[in-house]
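**Q** This structure is in structure tokens; I'll ask about it shortly.
The values are calculated or read from the model by the stated rules, or taken from the named source; none is laboratory data. This is a predicted model, so every value here is computed, not measured. Cβ placement follows ideal geometry from the backbone for every residue including glycine, while neighbour counts extend to all protein chains displayed.
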Amino acid sequence: MVNDSNVVVVKNLKKYFLLKIPWLESFSLKEKPSVKAVDGLSFSIKKGEALGLVGESGSGKTTVGRSIIRLIEPTNGEIVINDEDIMSLKKEKLRKARRNFQIIFQDPIASLNPYMSIGKSVMHPLEIHDIGNRKQRKEMVLELFEKVNLIPAEGFFNRYPKQLSGGQRQRVVIARAIITNPKFIVSDEATAMLDVSVRSQVLKLMIKIKEEYNLAFLFITHDLASAKYICEKIAVMYLGKIVEIADKTELFDHPLHPYTRILMGAIPIPDPTLKREKIIPAGEIPSPTNMPSGCRFRTRCPYAKKECGDIDMSLMEIEKGHLSACPFIR
Amino acid sequence: MDTNIEIKNLSIEYRMRNGTVHAVRDADFSVDKKETLSIVGESGCGKSTTGHAILKLLPSNARATGSIIYNGKNILTMSNNEIRQIRGKHISIVFQDPMTSLDPIMRVKDHFFELIKAHDSKVNEQEMIEIASCALEASGVSAKRLNNYPFEFSGGMRQRVMIALAIALQPSVIVADEPTTSLDVVVQEQIMEVLKNLKRTKDMSIILITHDLGIVAEVADKVAVMYAGEIVEYADIYNLYKNPLHPYTQLLLKSVPNIKIGDMELHNIPGSLPDLKNIPQGCRFRDRCPMVKDICKKETPPIIDKDGRKVRCWLYG
């Protein structure tokens, strides 16, 4: 159920990583050289809505996921989650606010403590946020285990991460993320490491959780096909900027930005009879330390013209709800 | 068409401290010239083990039986010296991880020199540079980069260098073990295009090991689907996708998201792989199979010929 109220509002988010340069040189430069990993991103996510953030590695999508929940400090920008101004929160308050937003990482083995039974791992957030007493906490964990299909829950409670399969571990991580009843979840490539047959299980579970808890979801992935399966809206990112954002069906039916078109053409489709006209771009994503001027995609764009060096990459509403950063393709 | 390599009754076991793992059982397949065979399956199904066996690259605790016939000779019974003559020159391999497959302290050209000298000590440097440049250009890397070190390349470029090394001596068979798994979709597309072109222009056979059914559909001619160490279905690509016979193949195809289909219902395969240390009697897929019958629990299904395709399932026997 997509509700009209925005749970997450991000405006002009920036994250620059400063580069190390020789001390003497730093005096002669007006601006310190930096990697503009995220360069002015704005989006919002409604209650019960999933926004997919797709792009190649190096496009800055993980940095977005981490900086909106302040796991890394953003350089600039406005972040509002659940009517709370996240940027202004100080240490202790931020920690308390974290029960409202959680993250699921790519590698479940690295995100679970190997010396903690999975029951304790999932219970841990409750202890941190001081929710319920010991008995209630255990009940909550067991109930959640059943919901994420770790059955029998009682039997799983005392197991350790190494005794579980990859899919089961990721389900433990999902359970831990939702135990504090958050309003917003970031999933950072949560299904990238799983096998096909297991991946679909976890994707289905995420949809179920999203619907049951009416969560706002930021689904970061490089896999457009999974994003299409889970999200209502999709934003395509390239070198720190969103180049196109639209509703899922609109984006897949009428991709506007050349980069989106290329990305879609590159997805292998499990159908050998399908013959597609392919545009394969030259080269790879340029280094963010040395960004092309104007449109950042122009070095690889098959439609690039002279004027592309001068445009700024702001998003324009081409059709209602469909924004693209390319002024030439409509 | 001529057969390049033929694998018959290949079985591989790993001896471990706590038992024997039956990683591959009774695998049969062959690859013709200018053909791509794809071995698909989930992790742990024995696809990489099969691929490595073709170059005799298995660890010392592995025991392989059966035969891998290349040029009339059985690779499994070759001495170390004999197989060394073949590796790199007649059969070569591209590994999944280009970061760990290149030596970080060797320039790209030194990798080529080492390879070429291992097979022909008389070649001079000029000739070696020529061979290396040709191979690099064919894989989409500029020959100017011969003097670079591996760390100066991005992941996709490194994988291209790996492919260039694999094709430098114009082998007749390339084993590509998940060559694009660690790469982005756009780069993956570029690499697959390189492999497709090579096959067309250079009379090569490619054995592509992957778990991605989308890639298989785009590049393969024939497919061997593996489950728990067995080839459960072996068919040409069009038949396999249009009309999968084995229940495992059917479920696997239904669990891949396809962007061309509107609101598709994704399926998953309940349960997990059987323990390869003590495999129960009967069909290895029976605990996860939706169409299980009584006989599946008692007897191991043989390979059954169904309209020219091979399938290991009692539904057709």
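**Q** B:LEU165 - would you say it is free of Cβ contacts under 8 Å to residues at least 40 places away in the same chain and among the aliphatic types (A, V, I, L, M)?
**A** No, not satisfied.
**Q** Going through the stretch A:35-54 one residue at a time, which ones are under 26 Å from A:GLU211 (Cβ atoms) and either part of a loop (DSSP other than H, G, I, E, B) or at pLDDT below 90 (or both)?
**A** Passing the criteria: A:LYS47, A:GLY48, A:GLU49.
**Q** Additional query: Can you name the residue in the stretch A:224-248 that is closer than 19 Å to A:GLY48 by Cβ and of a type in the set (Val, Ile, Thr) and is also farthest from the other protein chains (Cβ to nearest Cβ) among such residues?
**A** Taking the candidates together, the pick is A:ILE245.
**Q** Mind counting the residues in the stretch A:249-286 that are closer than 21 Å to B:ILE191 by Cα and under 21 Å from the mean Cα position of the chain (by Cα)?
**A** Total satisfying the criteria: 9.
**Q** Next up: Could you tell me how many of the residues in the stretch A:12-31 are surrounded by 11 or more Cβ atoms within 10 Å (Cβ to Cβ) and not small (Gly, Ala, Ser)?
**A** The number of residues fulfilling the criteria is 7.
**Q** I would also like to ask the following. Does the stretch B:289-302 contain at least one residue that is touching a Pro at 6+ places or on another chain (Cβ under 9 Å), closer than 26 Å to B:THR20 by Cα and touching a residue at least 24 places away in the same chain (Cβ under 8 Å)?
**A** Yes, the stretch B:289-302 contains a residue that is touching a Pro at 6+ places or on another chain (Cβ under 9 Å), closer than 26 Å to B:THR20 by Cα and touching a residue at least 24 places away in the same chain (Cβ under 8 Å).
**Q** Cβ-Cβ under 6 Å, sequence separation 6+ or interchain: first residue in the stretch B:1-29 and among the basic types (Lys, Arg), partner surrounded by fewer than 18 Cβ atoms within 10 Å (Cβ to Cβ) and outside any strand (DSSP E or B). Which pairs?
**A** Pairs that qualify, where the first residue is among the basic types (Lys, Arg) and the partner is surrounded by fewer than 18 Cβ atoms within 10 Å (Cβ to Cβ) and outside any strand (DSSP E or B), are B:ARG15/B:ASN61.
**Q** Does the stretch A:291-316 hold any residues that are in contact with a Pro (Cβ under 8 Å, 6 or more places away or on another chain) and either buried (at least 17 other Cβ atoms within 10 Å of the Cβ) or part of a loop (DSSP other than H, G, I, E, B) (or both), and which are they?
**A** A:PRO292, A:ARG296, A:PHE297, A:ARG298, A:THR299, A:ARG300, A:CYS301, A:PRO302, A:TYR303, A:ILE311
**Q** Go through the stretch A:249-271 and give me each residue that's within 10 Å of another protein chain (Cβ to nearest Cβ) and touching a strand residue (DSSP E or B) at 6+ places or on another chain (Cβ under 9 Å).
**A** Scanning the stretch A:249-271 gives A:PHE252, A:TYR259, A:LEU263.
**Q** Looking at the stretch A:212-245, which of its residues are closer than 16 Å to A:MET313 by Cβ and hydrophobic (A, V, I, L, M, F, W, C)?
**A** If the condition is that a residue be closer than 16 Å to A:MET313 by Cβ and hydrophobic (A, V, I, L, M, F, W, C), then A:ALA235, A:VAL236, A:MET237, A:LEU239, A:ILE242, A:VAL243, A:ILE245 are the ones that fit.
**Q** Exactly one of (1) among the acidic types (Asp, Glu); (2) loosely packed, with under 14 Cβ neighbours inside 10 Å; (3) part of a loop (DSSP other than H, G, I, E, B) is unmet by B:ASP305. Its number?
**A** It is condition (3) that B:ASP305 fails.
**Q** Could you give me the residue pairs with C-beta distances under 8 Å whose first residue belongs to the stretch A:317-330 and is surrounded by fewer than 15 Cβ atoms within 10 Å (Cβ to Cβ), whose second residue is of a type in the set (Val, Ile, Thr) wherever it lies, and which are 6+ apart or on separate chains?
**A** Final answer for the pair search is A:ARG330/A:ILE318.
**Q** Now for a different question. Restricting attention to the stretch A:64-80, report how many residues are touching a strand residue (DSSP E or B) at 6+ places or on another chain (Cβ under 7 Å), closer than 15 Å to A:SER187 by Cβ and assigned to a helix (DSSP H, G or I).
**A** Number satisfying all stated conditions: 3.
**Q** If you scan the stretch A:149-179, which residues turn out to be more than 14 Å from chain B (Cβ to nearest Cβ) and either outside any helix (DSSP H, G or I) or within 21 Å of the chain's Cα centre (by Cα) (or both)?
**A** A:PRO152, A:ASN158, A:ARG159, A:TYR160, A:VAL172, A:VAL173, A:ILE174, A:ALA175, A:ARG176, A:ALA177, A:ILE178, A:ILE179
**Q** So, A:PHE27, is that one part of a helix (DSSP H, G or I), farther than 24 Å from A:MET316 by Cβ, out of contact with any Gly (no Cβ under 7 Å at 6 or more places or on another chain) and of a type outside the set (Ser, Thr, Tyr) or not?
**A** Yes; evaluated as a whole, the condition is true for this residue.
**Q** Okay, next question. Looking at B:LYS297, B:LYS293, B:LYS254, B:LYS277 in this structure, which one is touching a Phe, Trp or Tyr at 6+ places or on another chain (Cβ under 8 Å) and either closer than 20 Å to B:SER43 by Cβ or not small (Gly, Ala, Ser) (or both)?
**A** B:LYS293
**Q** Here's another thing I want to ask about it. Of B:SER121, B:SER133, which residue is of a type outside the set (A, V, I, L, M, F, W, C) and crowded, with 16+ Cβ neighbours inside 10 Å?
**A** When all the criteria are applied, what remains is B:SER133.
**Q** Moving on. How many residues does the stretch B:168-187 hold that are within 16 Å of the chain's Cα centre (by Cα) and not charged (D, E, K, R)?
**A** Residues meeting the conditions: 10.
**Q** So which residues in the stretch A:203-223 are under 25 Å from B:VAL186 (Cα atoms) and either out of contact with any Lys or Arg (no Cβ under 7 Å at 6 or more places or on another chain) or within 13 Å of chain B (Cβ to nearest Cβ) (or both), if there are any at all?
**A** Listed by number, the residues that qualify are A:LEU203, A:LEU218, A:PHE219, A:THR221, A:HIS222, A:ASP223.
**Q** Considering only residues of the stretch B:136-151 that are assigned to a helix (DSSP H, G or I) and not small (Gly, Ala, Ser), which is surrounded by the most Cβ atoms within 10 Å (Cβ to Cβ)?
**A** Among those residues, the one meeting the criterion is B:LEU136.
**Q** Take the stretch B:287-317 and flag every residue that is farther than 21 Å from B:ALA27 by Cβ and of a type in the set (D, E, K, R).
**A** Correct list: B:ASP287, B:LYS293, B:ASP294, B:LYS297, B:LYS298, B:ASP307.
**Q** So is A:PHE101 aromatic (Phe, Trp, Tyr), surrounded by 18 or more Cβ atoms within 10 Å (Cβ to Cβ), within 26 Å of A:ASP195 (Cβ to Cβ) and more than 14 Å from chain B (Cβ to nearest Cβ) or not?
**A** No: the conditions fail for A:PHE101.
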